[in-house]
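> Sharing a structure below in structure tokens format, with a few things to ask.
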Amino acid sequence: MALAQLMLRRIWSRLAQSLVLLGIVSMVGFSLLHLTPGGPLSQFTDSPGMTQADIERIERQLGLDQPLPLQYLRWAGNLVVGDWGRSYRDDAPVLSVIAGRMGQTFKLMLAASLIAMTLGLLLGVFGALRQHGRFDRGATLATMVILSIPTFWFGLLVIYVFSQRLGWIPAGNAAPVGDSGWLVALHHLLGPAFVLGLVNTAVWSRYMRSAVLECLGQDYVRTARAKGVAPWRVVVRHVLRNAWLPMIALLGLELPSLLGGALVTETVFTWPGMGRLFYDSIANRDYPVILGMLTFSAILVILGNLLADLLYGLADPRLRRR
Amino acid sequence: MTTKDTTAPLLEIRDLAVHFPTPGGAVRAVNGVSYTLRAGETLGIVGESGSGKSVHVLALLGLLAARGGAGAIVSGSVRFEGQELIGRDEPALRALRGRRIGVVFQDPMSSLNPVLTVGEQIAEALTSHGLGRAAATRRALELLELVGIREPQRRARDYPHQFSGGMRQRVMIAIGIACEPKLLIADEPTTALDVTVQAQVLDLMRDLRKKLGMAMIWITHDMGVVAGIAETVQVMYGGRILERGPVRAVFHDTRNAYTLGLLQSLPGAAGAAHRSRLTSIPGQPPDMTRPPPGDPFAPRNRFATPRCFEEVPPLAQVPDGAPGHLVAAWYDLRAALAAEAAA
């Protein structure tokens with residue numbers, strides 16, 4: 001099939017572009033990290049039992065005495081073959097440290113995205129259909145309030161109200177040790193997913209609202225009405241079919257903010273995911289893990305955008321051929 | 001609607017007015033338009049942008065809200081097949097739109113939905129009025145063939161962007177005539193097309209009109225197009241009708257200065273009789289939030305009399321003109337032209 005062939009070619013060319021992008025991102029990340037004050041050795045220099053000779057030995061051992069470009073090349077070369085280095089803290093391989101935390105973050109992001117998309121799209125659509133109506137004004141105000149509140153504060157507020165005061169949800173953690181029931185897990189997920197989801201709901205609803213408004217004013221909507229198409233059908237088939245196209249692109253664009261939001265949310269809710277790991281690694285100056293996390297997030301975001309692009313190409317007939 | 005009276009008009013418009021309230025004052029887009037259309041008649045409505053020619057048909061179809069015109073104030077009376085349309089609820093109008101009154105819009109690129117196949121969009125006009133899905137799909141293929149699109153089976157599955165401008169307009173026409181309406185309103189359907197394609201579309205429309213026996217309102221700014229398709233021509237300006245009559249009478253016995261201006265700005269044979277060289281109409285269209293108190297065209301009219309600036313001229317039969325030739329003018333254009341020629 002010509003379509004499949006074309007898609008394949010597009011995937012390959014986009015993958016090649018993504019690799020270049022990833023190279024640049026990792027280089028910038030690597031350099032920035034080494035520019036930060038403290039340096040990778042600070043956790044050793046800070047401990048009182050260390051002599052100058054010890055430090056120099058560790059420096060050599062970790063390859064930190066080499067020039068920065070060489071350090072980068074060695075790190076990047078190892079990265080490609082799957083050796084992401086070892087954590088300074090417990091000597092565990094970075095890749096397995098990240099892999100151990102990935103599941104919880106994905107669970108949180110998925111739940112938050114589901115909340116954000118359903119709520120956001122609904123708010124956006126119904127707001128736009130009755131523009132400047134009571135519902136629209138209420139939704140606009142609510143989304144503005146949520147967007148203006150810092151996530152950490154919002155998270156603390158949710159913990160205070162729903163956990164401390166009302167006792168509806170646990171204050172943090174994924175699940176108590178030893179308890180693996182899915183209901184318990186879901187109960188623990190509620191708080192952080194709600195916080196992370198609501199922030200993204202606000203973004204989604206704003207985008208969806210303006211997309212629907214734009215499509216409502218299009219000539220083809222007038223054509224549909226002139227044909228005598230039923231109002232609900234005009235909305236579903238003509239307005240929404242077109243309005244959701246930019247939302248696919250948003251899916252890719254929102255991934256970084258979702259990851260960033262997860263960092264704060266996970267820290268507030270002591271959720272054992274990648275965000276927490278990132279935060280803890282920075283606190284501990286665990287350079288290999290920080291670098292690994294940076295690279296991993298970059299790969300995720302690039303892959304997410306690639307996926308969104310390909311989906312967009314499938315969903316919009318104007319992009320299918322060419 | 002007691003008896004089938006063949007002389008009863010298909011469409012009868014009385015004192016139709018459309019005003020859009022805006023912060024800067026109401027835009028008086030249409031100001032008391034009255035005319036009738038017989039079954040099978042083709043009426044060409046000519047005017048420049050802002051003359052109210054498109055707005056008044058959107059108003060009678062209940063389609064103004066779709067163009068950000070929510071809150072438009074529509075008054076007057078529009079009777080279609082004996083039924084009043086103004087003030088009708090949306091379901092009643094919807095039952096009429098597409099089925100009894102078909103519409104073909106200009107710029108078929110933006111008027112067709114980019115993410116639906118052409119076949120789906122034609123079939124939708126039929127399923128919206130009760131035809132089953134399978135039958136509608138079959139009929140869509142017939143319609144594509146009828147409007148001159150080859151390989152309808154294959155083309156029905158294509159999207160609008162895969163068609164050329166002329167072919168897209170044919171698709172729009174197929175949508176407009178899908179339910180074999182009694183009245184087809186064509187809003188500048190050939191404006192976005194180049195001249196040869198325009199001629200092909202005109203041919204197609206003449207052909208379809210004969211086959212389906214429908215009346216047509218053809219809205220355009222191009223007098224030449226009107227000469228090619230209409231029996232009756234109606235010239236609009238500032239939301240009013242300035243001249244109306246059989247095409248022959250209006251073209252050769254022109255009584256309104258604006259009509260004359262339109263004809264003189266027409267290149268080619270149809271305009272040649274009216275001028276030695278191509279001319280344009282001086283001045284700007286009026287600001288419709290503050291329309292002039294008298295004849296809307298008076299400020300741009302070199303034949304205007306003092307009365308033209310004070311009082312709106314009524315649309316009345318030209319005393320010594322062809323039957324049905326109406327003009328709204330305080331001045332006598334024929335006498336004024338004769339005096340000019342003598343001088």
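The values are calculated or read from the model by the stated rules, or taken from the named source; none is laboratory data. Note that the structure is predicted; figures quoted are calculated from it, not measured. Ideal geometry is used to build each Cβ from the backbone, glycine not excepted, and the neighbour counts take in all protein chains shown. Areas reflect the complete protein model, heavy atoms only, side chains present, ligands, DNA and RNA absent. Shrake-Rupley method; radii C 1.70, N 1.55, O 1.52, S 1.80 Å.
> Name the residues whose placed amide hydrogens come within less than 5 Å of the amide hydrogen of B:V103, ignoring near sequence neighbours (fewer than 5 apart) on the same chain.
B:G98, B:I185
> With chain A treated as a Gaussian network of Cα nodes joined by springs under 10 Å, which of A:M50, A:M274, A:M293 yields the largest mean-square fluctuation?
A:M50
> What dipole magnitude, in Debye to the nearest 20, does the protein assembly as shown give about its Cα centre under +1 on Lys/Arg Cβ and -1 on Asp/Glu Cβ?
Roughly 1380 debye, rounded to the nearest 20.
> Continuing with the same structure: So what does B:R139 come to for accessible area, using a 1.4 Å probe and Å² rounded to 10?
Its accessible surface works out to 50 Å², give or take rounding.
> Along the range A:158-166, what does the Karplus equation 6.51 cos²θ - 1.76 cosθ + 1.60 (θ = phi - 60°) give for ³J(HN,Hα), rounded to whole Hz, x for Gly and Pro?
Going residue by residue, I get 4, 4, 4, 6, 8, 9, 5, 6, 8 Hz, with x marking Gly and Pro.
> Among B:V247, B:L116, B:T190, flag the residue with its Cα farthest along the positive direction of the charge dipole of the protein assembly as shown, charges on Cβ as +1 for Lys/Arg and -1 for Asp/Glu.
It is B:V247, whose Cα lies furthest towards the positive end.
> With all protein chains present and a 1.4 Å probe, how do B:M205, A:M27 order by accessible area, largest first?
Of B:M205, A:M27, the descending order of accessible area is A:M27, B:M205.
> Within a 10 angstrom radius of each residue's Cβ in A:211-224, how many Cβ atoms of other chains show up on average? Whole number is fine.
Counting Cβ atoms of other protein chains within 10 Å of each residue's Cβ and averaging gives 6.
> Given H placed on each backbone N at 1.01 Å, which residues far from B:V27 in sequence or on other chains put an amide H within less than 5 Å of it?
Hits under the 5 Å cutoff: B:F20, B:T22.
> For chain A, what does -39500 (n - 2.57) per DSSP helix run (n ≥ 4), summed and divided by total residues, give at 222 nm, in deg cm²/dmol to the nearest 500?
Result for chain A, helices only: -24500 deg cm²/dmol.
> Counting pairs of Cα atoms in the protein assembly as shown, how many percent are more than 40 Å apart?
Result for the distance tail: 50 percent.
> Ranked highest first by the average count of other Cβ atoms within 10 Å around their residues, in what order do A:55-66, A:207-218 fall?
Ranked from most to least packed, the peptides come out as A:207-218, A:55-66.
> Name the residue, out of B:V33, B:V195, B:V247, whose mean-square fluctuation peaks in a Gaussian network model built on chain B with Cα pairs under 10 Å.
Maximum fluctuation in the GNM of chain B, among the listed residues, is at B:V195.
> Rounded to the nearest 20 Debye, what is the dipole magnitude of chain B about its Cα centre when Lys and Arg each give +1 and Asp and Glu each give -1 at the C-beta?
So the magnitude is around 540 debye.
> Quick check: with the 1.4 Å probe, what order do B:F105, A:F154 take by accessible area, largest first?
Listed by decreasing accessible area, they come as A:F154, B:F105.
> Return the long-range amide H neighbours of B:R240 (sequence gap of 5 or more, or a different chain), with a cut-off of under 5 Å between placed amide H atoms.
Excluding prolines and chain starts, which carry no amide H, the hits are B:N31.
> Students sometimes get this wrong: rank A:T51, B:T289 by accessible area, probe 1.4 Å, all chains present, largest first.
Largest accessible area first, the residues go A:T51, B:T289.
> Across the range B:188-204, in residue order, what do the Karplus-derived ³J(HN,Hα) couplings come to in whole Hz, using 6.51 cos²θ - 1.76 cosθ + 1.60 with θ = phi - 60° and x for Gly and Pro?
Residue by residue, the range B:188-204 yields 6, x, 10, 4, 7, 9, 7, 4, 5, 5, 4, 5, 5, 5, 4, 4, 4 Hz.
> Report B:E231's accessible area, 1.4 Å probe, all protein chains in place, as a number in Å² to the nearest 10.
80 Å²
> Further question: Anyone know which of B:I217, B:I173, B:I281 comes out most mobile in the 10 Å Cα GNM of chain B?
Checking each option, the largest mean-square fluctuation is seen for B:I281.
> Given the protein assembly as shown, what percent of its DSSP beta bridges are antiparallel, to the nearest 5?
Here the share of antiparallel DSSP bridges comes out near 60 percent.
> Now, a different point. When DSSP assigns beta bridges and you keep just the ones with both residues in chain B, what percent turn out antiparallel, to the nearest 5?
So the antiparallel bridges amount to about 60 percent of the total.
> Apply the Debye scattering formula to the range A:95-320, with a single equal point scatterer on each alpha-carbon and no solvent, then give log10 I(q)/I(0) at q = 0.14, 0.17, 0.18 Å⁻¹.
For the range A:95-320, the Cα-only Debye profile gives -0.94, -1.21, -1.28.
> Please turn the phi angles of the range B:210-225 into ³J(HN,Hα) values with the Karplus equation 6.51 cos²θ - 1.76 cosθ + 1.60 (θ = phi - 60°), one per residue in order, whole Hz, x for glycine and proline.
5, 5, 9, x, 9, 7, 9, 10, 10, 9, 7, 10, 10, 4, x, 5
> Over chain B, what percent of the accessible surface lies on carbon and sulfur atoms, probe 1.4 Å?
For chain B, the apolar C and S fraction of the accessible surface comes to 53 percent.
> Note down the relative contact order for chain B as a percent, whole number, built from C-alpha pairs under 8 angstrom at least six residues apart.
19 percent
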